[in-house]
Amino acid sequence: MLAMLAIDPDQLGEALENIILNAIQAMPEGGQLVIKSEVPGPKWVDVSFTDTGAGIPEENMRKLFEPLFTTRAKGIGLGLAITKTVLEEYGGTIKVQSEVSKGSTVTARLPIGGESQHRQD
Ligand SMILES: Nc1ncnc2c1ncn2[C@@H]1O[C@H](COP(=O)(O)OP(=O)(O)O)[C@@H](O)[C@H]1O
Ligand SMILES: [Mg+2]
């Protein structure tokens, strides 16, 4: 099913790329990344990214979106902060479910159609 989203494609691309990059980095020895798109109701489209990587310890779950929070040696810690900001700018949300050493699912939810919150300067 196709859904119309009132979103700047470059910004959406960057937001989703950050999620994909994290998933890949969480699987240094390889694994599986499953990307699914679902329309759970008339108003939303969900895109979920499920990896079989390291997972996220409970104590880190609430820090994920803080700017400069990283657990990686060469991490910068801006990826998820940017992704959350972009999604919320368009009226969307981001959700993370994870189990240590099993993997993580990051779900981006965006409003279909709807008014864009984005200013067209
Ligand atoms: N899919 C994932 N699996 C495991 N940990 C993750 C995943 N996505 C994010 N994280 C954790 O969240 C932290 C912050 O991610 P991010 O904001 O993209 O910054 P960075 O990638 O620079 O570390 C990562 O350092 C990692 O600890
Ligand atoms: Mg990142």
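At 25 °C and a viscosity of 0.890 mPa s, what translational diffusion coefficient does Stokes-Einstein give for segment 9-111, taking Rh as the Kirkwood radius over Cα pairs? Give it in µm²/s as a whole number.
Taking Rh from Cα pairs, D becomes 177 µm²/s.
Counting heavy atoms of the protein chains only and a 1.4 Å probe, report the per residue accessible area for the chain as a whole number of Å².
Averaged over the residues of the chain, the accessible area is 65 Å².
Put Phe69, Phe49 in order of accessible area, largest first, 1.4 Å probe: what do you get?
Largest accessible area first, the residues go Phe69, Phe49.
Using a 1.4 angstrom probe on heavy atoms only, work out the carbon and sulfur share of the accessible area of segment 9-111 in %.
Carbon and sulfur atoms account for 55 percent of the accessible area of segment 9-111.
If you keep only loop residues by DSSP, which trypsin sites (Lys or Arg not before Pro) in segment 1-100 have at most 14 other Cβ atoms within 10 Å of their Cβ?
Within segment 1-100, the qualifying trypsin sites (Lys or Arg not before Pro) (loop, at most 14 other Cβ atoms within 10 Å) are Lys43, Arg62, Lys63, Arg72, Lys74.
What ³J(HN,Hα) values, in whole Hz, does the Karplus curve 6.51 cos²θ - 1.76 cosθ + 1.60 give for segment 71-86 when θ = phi - 60°, with x put for Gly and Pro?
10, 9, 3, 10, x, 10, x, 10, x, 6, 5, 5, 4, 5, 4, 5
What do you reckon, how do Leu110, Leu68, Leu5 stack up by accessible area (1.4 Å probe), largest on top?
Leu68, Leu5, Leu110
Run the count for the chain, please: Lys pairs, Cα-Cα under 18 angstrom, 8 or more apart or on different chains.
6
The values are calculated or read from the model by the stated rules, or taken from the named source; none is laboratory data. Everything numeric in this text was worked out from a predicted model, so none of it was measured. Glycine also receives a Cβ, built like all others from the backbone with ideal geometry; neighbour counts cover every protein chain displayed. Side chains are part of the model used for accessible areas, which takes the heavy atoms of the whole protein and leaves out ligands, DNA and RNA. Shrake-Rupley method; radii C 1.70, N 1.55, O 1.52, S 1.80 Å.
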